[in-house]
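Since the structure comes first, as structure tokens, the remarks are kept for the end.
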């Protein structure tokens, strides 16, 4: 199966095609949006994009893990993780695309 990864350049090109801004302005717009999202997440804010999903940073406490190869116990340090929860609209679109493709 040929999976394509969407890049910043692809997003900028889509903005250029849809909105009609110059390619430079389109690229700057995409960069600014991603910058705003990143900054909000670093500051601990949630980011919700209607009909797409929400991003949230969660804090995980320290815990003891185990090396599966040796069985040795290893402490896993406290950390922050990024969680994405898709909206019901996005879930529905994904599931409909699977039904239409016969997967």
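The values are calculated or read from the model by the stated rules, or taken from the named source; none is laboratory data. Bear in mind the structure is a predicted one, so any value in this text is a computation, not a measurement. Cβ atoms come from the backbone with ideal geometry, glycine included; neighbour counts cover every protein chain shown.
Under 14 Å from the mean Cα position of the chain (by Cα) and either surrounded by 12 or more Cβ atoms within 10 Å (Cβ to Cβ) or farther than 20 Å from residue 6 by Cα (or both), is that true of residue 87?
Values: under 14 Å from the mean Cα position of the chain (by Cα): yes; either surrounded by 12 or more Cβ atoms within 10 Å (Cβ to Cβ) or farther than 20 Å from residue 6 by Cα (or both): yes.
Taking the combined requirement at face value, the residue satisfies it.
Among (1) at pLDDT below 95; (2) more than 22 Å from residue 84 (Cβ to Cβ); (3) touching a helix residue (DSSP H, G or I) at 6+ places or on another chain (Cβ under 9 Å), which single condition is residue 28 missing?
Tallying (1) at pLDDT below 95; (2) more than 22 Å from residue 84 (Cβ to Cβ); (3) touching a helix residue (DSSP H, G or I) at 6+ places or on another chain (Cβ under 9 Å), residue 28 fails exactly one: (1).
When you check residue 44 against the structure, is it assigned to a loop (DSSP other than H, G, I, E, B), in contact with a strand residue (DSSP E or B) (Cβ under 9 Å, 6 or more places away or on another chain) and at positive phi, yes or no?
Against the criterion (assigned to a loop (DSSP other than H, G, I, E, B), in contact with a strand residue (DSSP E or B) (Cβ under 9 Å, 6 or more places away or on another chain) and at positive phi), residue 44 qualifies.
Among (1) surrounded by 12 or more Cβ atoms within 10 Å (Cβ to Cβ); (2) more than 24 Å from residue 10 (Cα to Cα), which single condition is residue 52 missing?
(2)
With the requirement that a residue be in contact with a strand residue (DSSP E or B) (Cβ under 9 Å, 6 or more places away or on another chain), outside any strand (DSSP E or B) and either on the phi > 0 side of the Ramachandran plot or at pLDDT below 95 (or both), what does segment 47-71 give you?
Scanning segment 47-71 gives a single hit, 67.
Tally up the residues in segment 59-77 that are surrounded by 10 or more Cβ atoms within 10 Å (Cβ to Cβ) and either within 30 Å of residue 33 (Cβ to Cβ) or in contact with a helix residue (DSSP H, G or I) (Cβ under 9 Å, 6 or more places away or on another chain) (or both), please.
1
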